[in-house]
1. For Arg130 and Leu209, what does the FRET efficiency come to when R0 = 45 Å and r is the distance between their Cβ atoms, rounded to the nearest 0.05?
2. Let me have the 222 nm mean residue ellipticity of the chain computed from DSSP H runs of 4+ only, each contributing -39500 (n - 2.57), with the sum over all residues rounded to the nearest 500.
3. Taking just the C-alpha trace of region 3-202, give me its Rg and Dmax in Å.
4. For the residue pair Glu83 and Gln48, what label-to-label distance in nm results when each label sits 7 Å from Cα along the Cα-to-beta-carbon direction?
5. If I model a spin label as a point 7 Å beyond the Cα along the Cα-Cβ vector, how far apart are those points for Ser112 and Asp70 in nm?
6. What is the mean projected area of the alpha carbon convex hull for region 109-178, to one decimal in square nanometres?
7. Once you order the gyration tensor axes a ≥ b ≥ c over the Cα atoms, which shape class does region 1-83 get: rounded for a/c under 1.5, otherwise prolate or oblate by comparing a/b with b/c?
Amino acid sequence: MSRELDLAERVVGLIGSRGEAEATVLAGPTALTRFANSHIHQNVAEEQFAVRLKVAKDGKVASGATTSADADGLERLVETTLEAADLCPEDTDWPGVGPATPIGGSERSPESATPTDRAAIVAHFVAAGRDLRAAGYCETESTRIAFANSAGQCIESVMTRATLDGIHQTGTSAGSAHQTSSRFEDLDGTAAGAAAAAKACRAANATDLDP
């Protein structure tokens, strides 16, 4: 069992018989490479973590979240969310938590692109617009997701995303291109850069038309 799924089950266990509960834990790295004036100027990465809780108590539903994984933080999340539910009106549309259902796991593995890998994509984008100014970003994200509820559902998976977004600029115009995939290998900096450059060149030196 992963750390994320263990935390989700612990949160549901803290609710116990006091209500219905759904707990979701999200964790994983996000990395970003930004470029402007055809040069990389920023490369950052962070590890994200969050626990989200939804409880239903006597038909009253409330949600809460925390970025703390220690015992005190989880206990505080549970108690404050239960207190919030007490203050809410009854939700007549609440369907109840879903029953435990077999769900296939993800076959994707987390992305492991390095700053050098992202820089290479940026370099290809920039090179595709000869004599133009390029700006934009290349970003990768890998999020481990775990879910548990008071009906016995316990599942986990991985969400991955790789994105390239950029523009090429002439002195009078700009053209953009965007790519997003679950796999870093699907990003094509040359193709995206060429598309953005072509748009920018076609729009250069635009003039007004008489009505």
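1. Details: r = 29 Å, r/R0 = 0.65.
Efficiency, rounded to the nearest 0.05: 0.95.
2. Calculated mean residue ellipticity at 222 nm is -8500 deg cm²/dmol.
3. Calculated on Cα positions, Rg and Dmax stand at 22.4, 67 Å.
4. So the two model labels end up 2.9 nm from each other.
5. The answer from the label model is 3.3 nm.
6. On the way: hull surface 25.9 nm².
Mean projected area for region 109-178: 6.5 nm², to one decimal.
7. Values: a/c = 3.62, a/b = 2.62, b/c = 1.38.
In terms of gyration-tensor shape, prolate.
We did not get these values from a lab; they are worked out from the coordinates using the rules stated. What you see is a predicted model, and the numbers here were worked out from it, not measured in a lab. Because the Cβ atoms are built from the backbone with ideal geometry, glycine has one as well, and the counts that use them run over all protein chains shown.
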